[in-house]
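Taken together, the values in this text are just the output of simple stated rules run on the coordinates, not laboratory data. What you see is a predicted model, and the numbers here were worked out from it, not measured in a lab. In this analysis, Cβ positions are derived from the backbone assuming ideal geometry, glycine residues included, and neighbour counts consider all displayed protein chains.
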């Protein structure tokens with residue numbers, strides 16, 4: 001279920017400006033993951049990695065893959 005939460009988060013954060021803005025209040029990935037858990041997106045950084053890899057595998061266009069890679073790069077900015 002946590003993997004599905006990560007997949008849902010990737011989709012939501014790509015399209016939901018308010019969700020993305022609320023994530024920017026976090027200073028570390030640990031803070032971000034705790035905040036997301038409170039919003040119903042409980043997953044680990046490893047599950048996020050698995051989710052992005054799975055979504056990249058399923059992409060049918062370069063544009064889709066680019067969006068997944070952008071979310072992955074953005075998420076990794078929180079690692080400290």
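Between 0 and 90 degrees, the angle of helix 45-58 with respect to the longest Cα principal axis of the chain falls at about 20 degrees. Its DSSP H runs of at least 4 residues, each contributing -39,500 (n - 2.57), put the calculated 222 nm mean residue ellipticity of the chain at -23500 deg cm²/dmol, to the nearest 500. Highest mean first, the peptides 21-30, 2-11 sorted by other C-beta atoms within 10 Å per residue fall in the order 2-11, 21-30.
The length gained by stretching the chain between residue 46 and residue 20 to full extension, at 0.36 nm per residue less their Cα-Cα distance, is 7.3 nm. Please determine, in degrees from 0 to 90 and to the nearest 10, the orientation of helix 29-38 with respect to the longest principal axis defined by the Cα atoms of the chain, where the helix direction is its Cα long axis. Tilt of helix 29-38: around 90 degrees. The listed peptides 33-45, 53-65, ordered by packing as a protection proxy, come out as 33-45, 53-65 (highest mean of other Cβ atoms within 10 Å first).
The convex hull of the Cα atoms of the chain, projected and averaged over all directions, covers 4.8 nm². Available extension along the chain between residue 30 and residue 65 is 10.0 nm, counting 0.36 nm per residue and deducting the alpha carbon span.
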